[in-house]
Amino acid sequence: MTFPLSITKEAIAELPLIKFDGPIHVINNHKEMFRAIKKLKEQGIVGFDTEKKPTFKKGQYHPTALIQLSTATEVFLFRINKIGLHDDLITLFESDKITKIGVGMRADIVELKRIRTFTQNNCIDLNDLMPTLGVKKIGIRNLVAIILEKRVSKNQQVSNWENAELTRSQQQYAATDAWVCYEMYVLLKKRGYIENENL
């Protein structure tokens, strides 16, 4: 099966909504973080995304508040505005044994490096990979539609990711964005489209 090289907004609007419905772990402290990272280190592939508080005024800046990492069955939401960008999280990004998959990941990594410098390994940005396969529309909404034939909701995109508590809707949104990256990569690999395109 081949996928379309482009898709319209109208066509996307017709697709069924996709959302992650497995366990979502919100990581608020180091004890929870160590437990989550132990599980993630056992994975060969993880989906990746980040969120930050939106800016509405020129000159405003907010650092990354949330890192989402997904396996096939569960998603971990690391609240780095609370726990910091810890050494153990850096180790995941520097590991060449775990493939990290994202959309717009190159920009996300740049933002994380504004908090702490590190050298990422084995990171694949589908925004870079898919154009090499002829795909003309990138971004998570377009790629999920093209590869998975589903529609992702963007209704929480500009919500406050530094809130004291993340709402259920925020958790679902954040988890889905990381999980679909995992799902897209696995499907592309299964169909023979993937050769490693590391950042």
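Rule-based calculations on the coordinates, nothing more; no lab input. Keep in mind the model is a prediction, meaning the values are calculated, not measured. Heads up, the Cβs are rebuilt from the backbone with ideal geometry, glycines too, and the neighbour counts pull from every protein chain shown.
Quick one: longest stretch of the chain between exposed loop trypsin sites (Lys or Arg not before Pro), exposed meaning at most 14 other C-beta atoms within 10 Å and loop per DSSP?
59-96
Assign unit charges at the C-beta atoms only (+1 for Lys and Arg, -1 for Asp and Glu), then state the dipole size of the chain relative to its Cα centre in Debye, rounded to the nearest 20.
360
For helix 168-190, report the angle its Cα long axis makes with the longest principal axis of the Cα atoms of the chain; keep it between 0 and 90° and round to the nearest 10°.
50
Given a cut-off of 31 Å, name the pairs among LYS19/LYS82; LYS58/LYS154; LYS113/LYS136; LYS31/LYS100; LYS82/LYS190 whose C-alpha atoms lie farther apart than that in the structure shown.
LYS82/LYS190
With θ set to phi - 60° and the Karplus curve 6.51 cos²θ - 1.76 cosθ + 1.60, what are the ³J(HN,Hα) couplings of the stretch 125-134 in order, to the nearest whole Hz, using x for Gly and Pro?
For the stretch 125-134, the Karplus curve yields 9, 5, 5, 8, 6, 5, x, 5, 9, x Hz.
Go ahead and set up a Gaussian network model of the chain, Cα springs under 10 Å, then flag whichever of ILE83, ILE45, ILE101 fluctuates most.
Of ILE83, ILE45, ILE101, the Gaussian network model singles out ILE83 as fluctuating most.
Per 0.36 nm of contour for each residue apart, how much would the distance between ARG191 and THR167 grow if the chain were fully extended, relative to their Cα-Cα spacing?
Answer, rounded to one decimal: 5.0 nm.
Give me the dipole magnitude in Debye, nearest 20, for the stretch 86-187 about the Cα centre, with unit charges on the beta carbon: positive for Lys and Arg, negative for Asp and Glu.
Using Cβ point charges on Lys, Arg, Asp and Glu, the stretch 86-187 gives about 440 debye.
Which of the aspartates and glutamates could be linked to LYS57 by a straight reach, that is with a Cα gap under 18 Å, when you skip same-chain ones fewer than 8 residues away?
Partners found: GLU162.
Compute the length gained on full extension between GLN60 and THR119: take 0.36 nm times their separation in residues and subtract their Cα-Cα distance, giving the result in nm to one decimal.
18.5 nm
Within the stretch 38-55, which residues have the backbone N less than 16 Å from the label spot 7 Å out from HIS86 along Cα→beta-carbon, could you tell me?
38-42
Lys/Arg Cβ at +1, Asp/Glu Cβ at -1, dipole of the chain taken about the Cα centre: which of ILE12, LEU92, GLY59 is farthest positive-ward?
So the residue we want is GLY59.
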